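> My questions all concern the structure below.
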Amino acid sequence: MIVFLNGQFVPEARAVVSVFDRGFLYGDGLFEAVRICQGKPFRWAQHMERFLHGTRYLKIRPPFSPEQIQEFAAQLIRKNKMPEALLRLALSRGVGERGYSPKGADSPSFVMSLHPVPQINLDRPPLWKLVTAGRRLPANEPLAQFKNANKLPQILARAEADAAGADEALLLNTRGRAVEGTTSNLFWVKGGRVCTPPLAAGILPGVTRLAVLEICRKLNLPAKEMSPRPKELLSAQGVFLAMSSWGIVEAVALDGWKLRRAACVKKIQGAYENLLRAETA
């Protein structure tokens, strides 16, 4: 595997950063994950907009322009011969003085790597079991607006899911509302409407989440933003998740309780796969 590291393409064994890098020491950085389909990134502009928003918020200046990053990404895809993949971009503040102060950290580390994506058969799509995590996410959290490198709540929540034999953890916010999965945006069907939590609930503005809302409009499926309590999902007509890696995944159980399945989920899955292929053709 070839990795892009600070302007060079190197074998993954040589893709290393300093032990004094602030990304390693403090999680002082951010990342982005982009679906690569047919050799092209899906909705690159939206991913880059979110990524750059994060760099501005953290005040980390990327060492390359968006145009350069896109060209390097295209070269990385060709070098690895991976037309179907997940592209991960990671940016840290780099090496600086000891301590929390970012003073002196003026040489950011930038890495891009490719990873396999799940092969999904829409005739036999994945069906996930969810478990409600004990960890809470703060509502109205500005850091949730991009993929910051501080993901301990998600890591601990996913550990809970692993221990329970579940496929994903459902996270609540500090107001007790269900907001998202560890790596996914939450959707459910209620009264014929496709619902999802609002950004103010403390969720990531997912690129796939936005694509689902666009699909709902095209399919004439009413959509609404609202914040549910976990027990409300048990009476929903259907529950599903959206993410760059897996796309649209239906949930069939929550905390051991069986969830109902909505026919519209399969339509949304098919429409998303069509959109993914059409925009990267």
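The values are calculated or read from the model by the stated rules, or taken from the named source; none is laboratory data. Computed from a predicted model, the values in this text were never measured in an experiment. With ideal geometry, Cβ positions are generated from the backbone for all residues, glycine too; neighbour counts draw on all protein chains shown.
> Return the only residue of Glu232, Glu273, Glu250, Glu279 being touching a strand residue (DSSP E or B) at 6+ places or on another chain (Cβ under 6 Å) and among the acidic types (Asp, Glu).
Checking each option against the conditions leaves just Glu250.
> Kindly indicate whether Lys224 is more than 20 Å from Ile120 (Cβ to Cβ) and in a strand (DSSP E or B).
Taking the combined requirement at face value, the residue satisfies it.
> Those residues that are surrounded by fewer than 19 Cβ atoms within 10 Å (Cβ to Cβ) and either within 18 Å of the chain's Cα centre (by Cα) or farther than 28 Å from Arg22 by Cα (or both), I need them from the range 51-73; list them, please.
Leu52, His53, Thr55
> Looking at Ile203, is it at pLDDT 95 or above, surrounded by 15 or more Cβ atoms within 10 Å (Cβ to Cβ) and part of a loop (DSSP other than H, G, I, E, B)?
So Ile203 passes the test.
> Hey, does the range 177-188 have a residue that's part of a strand (DSSP E or B), in contact (Cβ under 8 Å) with a residue 40 or more places away in the chain, surrounded by 15 or more Cβ atoms within 10 Å (Cβ to Cβ) and over 16 Å from the mean Cα position of the chain (by Cα)?
yes
> Another question about this same structure. How do the pairs read when you match residues in the range 148-162 that are more than 19 Å from Leu30 (Cβ to Cβ) with residues anywhere that are modelled with pLDDT under 95 and outside any loop (DSSP other than H, G, I, E, B), using Cβ under 6 Å and keeping only pairs 6 or more apart or on different chains?
Final answer for the pair search is Leu156/Arg135; Ala157/Arg135.
> Turning to a different aspect of this structure: Farther than 18 Å from Thr280 by Cβ, surrounded by 20 or more Cβ atoms within 10 Å (Cβ to Cβ) and in contact with a Leu (Cβ under 7 Å, 6 or more places away or on another chain), is that true of Phe110?
So Phe110 fits the description; yes.
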